[in-house]
Structure formats: structure tokens, C-alpha cells
Amino acid sequence: MRAPTPRDTIHREGTAALYHFRAPAGRAPAGESGAAPVLLVPSLINRWYVLDLREGGSLAGALAASGLDLYCLDWGVPEDEDRYLTWEDVLGRLGRAARVVQRNTGADRISVVGYCMGATLSGIHAALHPTSLASLVNLAGPFDFSGAGLLGRMTDPRWFDVEAVAAAGNVGATQMQSGFLALRPTQTLARWVGIVDRIHDPVARDSFEALDGWASDNIPFPAAAYVTYLRELYQENRLVAGTHHVGGRRVDLSRITCPVLTVAAERDAICPLAAASGLEALVSSAIKDRLVVPGGHVGAVVGSRASRVLYPELARWLGARSLTGKESQHATA
């Protein structure tokens, strides 16, 4: 069963939905743990349920079971008319989802866990609204794009024209996946070879089928947002330069003062440590922790070791570092 953690939809906007995960039976009512409510923000260009992939391989399930009051933003699948959805529009949806979580819980501050591009968006949101966050987790999200590795070289403006790519509308999933496959061209073959010796193991088979199904369930990138993301972040590295603007406001990552955790994967070709660590280098937080976990960009979140390494460490950190809004005094304007 995919996306096994019980949830309710509490908000919709366009193609996006906001989910609230139900408390497991016997768990204390939401909010009684003392930790701030947590909002998961997945990548804009992948289906959200990689964070709730299967039983035993669900970050959402583990965090909900730990006693955290957990929410997740599902960006949805862009339609043709969403080619005009701008980067500012995307951040606006994230901001409204965060405020729904605040209203739903009564918390002044919430914790945000962003994954991949969702982490980049979460960091920008945190810089624009620093007093609304109890803590921020960057889960394999790039900030310093000078460290983006091969993906950064592939999108170099000397040979990569973002306007031309997006001229026909939303950038198709096939277009983007071809780029990711070029980073590790033998990865798909390696996964199939790896499952051969374990094909009779029902757990291994279920894990393989779940991940393969998610990897094939790709979605487009809204064209207008794509142009801004690739040009201003990948090609011009404006987050580090301090010249990225949203809604006329400069995005200054030094305005972030809440506790920050950077999670990087040892074999991440999409977001190397050098790209992820750009956030901790720029924030003004007194608490800046780092966790390096085994696996690649996706395997670190859903692989066989994620439930033993990432899930408990992240639950522990969020519980310890993210007091509720009325109790937390570490964020300032």
C-alpha cells in the first residue's frame, strides 16, 4: 500500500492540497508533546508520497508515530494552464499552507522540513517570514548552487537556454528525468540487477516496486517557475549572492535565526553536501546541526537504512529543537 499513513485533507488551492496526518492509536493528542507542529514540504517536481512511500519506509509515518503533529503540502500535478505559475506563486502557496497549519494548531511558530527543491523553497519562506518558524530542516536541498556538481554543469548558461526549454509550456517529466538519468546512467540497470538476488524476499520486493512506481510517477515543472529557478538559482546563484527577490523583497538567509538542521546523503549526485551546506553557512542561527546519512538522494529517505538512521534522528531533533510558538524565544525579526 502506497501512502499508508492515515491523513485528512484540510486545505486545497489549485492543484495543491494540505494533509494532516492522524495521530496513531494511543498517541497523546496533537500538541501535548511540547514540540511545534511540523510541515513537510516535498519537491515541486516529484510526487509527495516519497515521504510516505510504504509501511516501514515512511518518513511521515515515523514522525507521526513519534508524537509530532504532522502536516504535508502536496503540490499536485500541474495542468497546461499552470505554465504561468510563477516562482512567487509557488512560494505564496507554501506561505498560505504554513498559515493554515498555524491556524489549525494555534501555534505562533511551526517547524518546516523541506525535501529536495522543497527545502530550497522552505529556506526562502523562512527568510521571508523568520518569526513564524520554530525550526527548519534542510533535507537534501540545494542552497549554494556553485556546489551543485554535475547538475550545475549541465545547466550552465553557456550551453543551457532556460527560456528555450520552457518556451513550449510546462517542462515535461520526461525532459527532466533524462537530465537526472544522465547523472547516473547505470542506476536503473543497477536497481534491477540488485533485486534479482532478493526477488523472493517480500519486503525487498515491495520496497523495489514502491520505489519504482514512484520514480515512474513523474510530473511537469510549471514553465514560469522553472525559468526563475534555473536562471536565478542554478545559473546565477542568487541565494548566496543575496540578490534573489520574491514579491519585491530580497531573500536574506541571514534573517533565519531558528535552529537549522542540514541533512545530506553520502552519495547524493543531485544535491551534494557542498550545495546543501550553503544554508547553514548563511543563516544567523545559534543552533546549526548537520546529519550525514547513508544512501543517495532518494535512497537516504526511503532506503533500507532510512528507518534506522534518518527517521529516529530527525524525530529526536525536531522534538528537542522545536518548542511550540508560545514557548520558543529563539526567533527574532
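The values are calculated or read from the model by the stated rules, or taken from the named source; none is laboratory data. Note that this is a predicted model, so its numbers are computed, not measured. Note: ideal-geometry Cβ built from the backbone for every residue, glycine included; neighbour counts use all protein chains shown.
Table for the structure above
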item: Which listed residue, of Arg103, Arg109, Arg83, Arg153, is over 18 Å from the mean Cα position of the chain (by Cα), charged (D, E, K, R) and at pLDDT below 95; result: Arg153
item: Number of positions in the stretch 220-238 that are buried (at least 23 other Cβ atoms within 10 Å of the Cβ) and without any contact (Cβ under 8 Å) to a residue 40 or more places away in the chain; result: 0
item: Sole exception among (1) surrounded by fewer than 20 Cβ atoms within 10 Å (Cβ to Cβ); (2) within 18 Å of the chain's Cα centre (by Cα); (3) within 16 Å of Ile110 (Cα to Cα) for Gly34, by number; result: (2)
item: Meets criteria (in contact (Cβ under 8 Å) with a residue 12 or more places away in the chain, surrounded by fewer than 23 Cβ atoms within 10 Å (Cβ to Cβ) and more than 26 Å from Ala127 (Cα to Cα)) for Arg54; result: yes
item: Total residues in the stretch 1-35, condition among the hydrophobic types (A, V, I, L, M, F, W, C), modelled with pLDDT under 95 and within 17 Å of Val101 (Cα to Cα); result: 3
item: Top-ranked residue in the stretch 260-285 [being part of a loop (DSSP other than H, G, I, E, B) and within 17 Å of the chain's Cα centre (by Cα); ranked as surrounded by the most Cβ atoms within 10 Å (Cβ to Cβ)]; result: Cys271
item: Filter result (acidic (Asp, Glu) and either surrounded by 20 or more Cβ atoms within 10 Å (Cβ to Cβ) or touching a Pro at 6+ places or on another chain (Cβ under 9 Å) (or both)) within the stretch 286-325; result: Asp289
item: Search result, residues across the stretch 225-251 that are β-branched (Val, Ile, Thr) and farther than 18 Å from Cys271 by Cβ; result: Val227, Thr228, Thr243, Val246, Val251
item: Residues of the stretch 239-259 that turn out to be crowded, with 17+ Cβ neighbours inside 10 Å and of a type in the set (D, E, K, R), as a count; result: 1
item: Residue under evaluation Ala64, criteria (1) crowded, with 24+ Cβ neighbours inside 10 Å; (2) of a type outside the set (D, E, K, R); (3) under 16 Å from Val246 (Cα atoms), criterion not met; result: (3)
item: Condition check for Glu327: among the acidic types (Asp, Glu), more than 25 Å from Gly56 (Cα to Cα) and at pLDDT below 95; result: yes
item: Tally of residues being at pLDDT 90 or above, out of contact with any helix residue (DSSP H, G or I) (no Cβ under 8 Å at 6 or more places or on another chain) and assigned to a helix (DSSP H, G or I) across the stretch 286-324; result: 5
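Every residue, every condition in (1) part of a helix (DSSP H, G or I); (2) surrounded by fewer than 18 Cβ atoms within 10 Å (Cβ to Cβ); (3) among the aromatic types (Phe, Trp, Tyr); (4) touching a residue at least 40 places away in the same chain (Cβ under 8 Å), yes or no:
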position	(1), (2), (3), (4)
Val77	no, yes, no, yes
Val90	yes, no, no, yes
Ala107	no, no, no, yes
Ala119	yes, no, no, yes
Ser146	yes, yes, no, yes
Ala164	yes, yes, no, no
Gly169	no, yes, no, yes
